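Reviewing the structure listed below.
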Amino acid sequence: MEKLEPDDIEVRQVSVEESGDLMTFLLAYYYPEEPLTAGTSPPEPDAADKEFLLSNVPFGTCFMALQAGRIVAGVVAGPKDDHEPEHMIEEARKHAGSKWGRILHMLSAVESATDVCRRFNVPSSIHVHALGVNSELRGHSLGARLMIAVAQRARDLGHHLVSVDCTSVYSARLVQRLGYELINTIRYVDHLDDSGQQVIRPPPPHESVQTFVLRL
């Protein structure tokens, strides 16, 4: 593992002009290991999936960590409101039959079960959609620094809640260390399509989508 000093890293917002650079990084260090992507064929993410992630950049809620000008970690987050469960159901219907549609099928079930804005009686929240760290630099708290940056940005924007659907056991461990509260768990083996088949089949050790919240 590469030696890294805290002063070596700059954490800042991703600009719209840097969206392509962020996606290049996520394609290398997020998507290949992300359980929803890895657990659904084909291996490459759909264009609609990538388009959705980058649609969050203009909100100013996405951050990256840079070392000597290169991206070494990135987080995608954006706002949602109390209409999100209905919106997700519609999006899942719109993309039915595609890889992204199968992923949305599960995320829609998660959103309906959690419904964080109504559950916590807040008009909106910031939701973390993706977090990736360069595999050579893991263990240096880069993910934690990005999550802290998102929470601070959420406070600055007047939100009272940050939420995240942890599809990976590793991201779940991270947010628990940061004080997030677990509010819901859906096991992959229990999420079935209309024919009774398991929708997402991620590799071990990932077994569930766990939703966490941080009250600000």
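The values are calculated or read from the model by the stated rules, or taken from the named source; none is laboratory data. Quick caveat: nothing in here was measured; it's all calculated off a predicted structure. For accessibility, only protein heavy atoms count, side chains too; no ligands or nucleic acids. Shrake-Rupley method; radii C 1.70, N 1.55, O 1.52, S 1.80 Å.
Determine the per residue accessible area of the chain with all protein chains present and a 1.4 angstrom probe, expressed in square angstrom.
On a per-residue basis, 48 Å².
Could you work out how far helix 84-94 tilts from the main Cα principal axis of the chain, as a 0 to 90 degree angle to the nearest 10?
Here the helix axis deviates by roughly 70 degrees.
For the chain, give the percent of accessible area contributed by carbon and sulfur heavy atoms, probe 1.4 Å, rounded to a whole number.
Of all accessible area on the chain, carbon and sulfur atoms account for 50 percent.
Can you run the Rg to Rh ratio on segment 72-113? Use alpha carbon positions and the Kirkwood inverse-distance Rh.
For segment 72-113, the value is 1.06.
Figure the gain on full extension for Ala48 and Ser15 (residue separation times 0.36 nm, minus the Cα-Cα span) and round it to one decimal in nm.
Roughly 9.8 nm would be gained on extension.
Over the Cα atoms of the chain, what is the Rg over Rh ratio if Rh follows Kirkwood?
On the Cα set of the chain, Rg over Rh gives 0.94.
I'd like the projected area of segment 90-183, averaged over all directions, using the convex hull of its alpha carbons. Report it in nm² with one decimal.
The Cα convex hull of segment 90-183, projected and averaged over all directions, gives 7.2 nm².
Any chance you could give the angle, 0 to 90 degrees and rounded to 10, that helix 99-114 forms with the longest Cα principal axis of the chain?
With rounding to tens, the tilt is 90 degrees.
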